[in-house]
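In what follows, a single structure is set out as structure tokens and then discussed.
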Amino acid sequence: QVQLVESGGGLVQAGGSLRLSCTASGTIFSINIMGWYRQAPGKQRELVALITSGGSTNYADSVKGRFTISRDNAKNTGYLQMNSLKPEDTGVYYCNADIRSRSYRLAESYWGQGTQVTVSS
């Protein structure tokens, strides 16, 4: 069974930084796309950033220039470096990954449990 575990959330003042981590464990053959999503209270979950296995990235317009997504394929871990944080970045951040558990299996989508990020003004 594959599991994603996030860490690194917390409370920070506006202008501050946080680094989120997401580690995949279990039976893993390969990890395709990894992504970070967030959900603010009363709002739908939205995409923050994506990174492919080859390192190509995509960001929501609201975080471009402030957030950086990266991954360490050897450690099955993805990261989200968040700088110049704003109160509107507050929410629960979720890690998502498309993972093949065996070479003969199709990729399946997995979600982490979420980590709270709160930015105070």
Is there any pair linking a residue in region 101-121 that is within 26 Å of Leu85 (Cβ to Cβ) and of a type in the set (Ser, Thr, Tyr) to one that is open to solvent by 40 Å² or more (accessible area, probe 1.4 Å) and modelled with pLDDT of 95 or more, with Cβ under 6 Å and at least six apart or on different chains, and which? Thr118/Leu11; Ser120/Gln13; Ser121/Ala14; Ser121/Pro87
Kindly indicate which of Ser7, Ser84 is of a type outside the set (Phe, Trp, Tyr) and under 11 Å from the mean Cα position of the chain (by Cα). Ser7
Residue among Leu20, Leu11 that is surrounded by 18 or more Cβ atoms within 10 Å (Cβ to Cβ) and assigned to a strand (DSSP E or B): Leu20
Residue pairs, Cβ under 6 Å, 6 or more apart or interchain, first in region 55-83 and in contact (Cβ under 8 Å) with a residue 40 or more places away in the chain, second in a strand (DSSP E or B) and open to solvent by 50 Å² or more (accessible area, probe 1.4 Å). List them. Thr77/Thr23; Gln81/Arg19; Gln81/Thr68
Please work out which residue is nearest to Val119 (Cα to Cα), limiting yourself to region 41-61 and to residues that are open to solvent by 60 Å² or more (accessible area, probe 1.4 Å) and among the small types (Gly, Ala, Ser). Gly42
Failed criterion for Leu85 (all others in (1) over 19 Å from Leu4 (Cα atoms); (2) touching a strand residue (DSSP E or B) at 6+ places or on another chain (Cβ under 9 Å); (3) surrounded by fewer than 18 Cβ atoms within 10 Å (Cβ to Cβ) hold): (3)
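The values are calculated or read from the model by the stated rules, or taken from the named source; none is laboratory data. These numbers come from a predicted model, not from an experiment. Glycine gets a Cβ as well: all are built from the backbone with ideal geometry, and neighbour counts include every protein chain shown. SASA here: full protein model, heavy atoms, side chains in, ligands and nucleic acids out. Shrake-Rupley method; radii C 1.70, N 1.55, O 1.52, S 1.80 Å.
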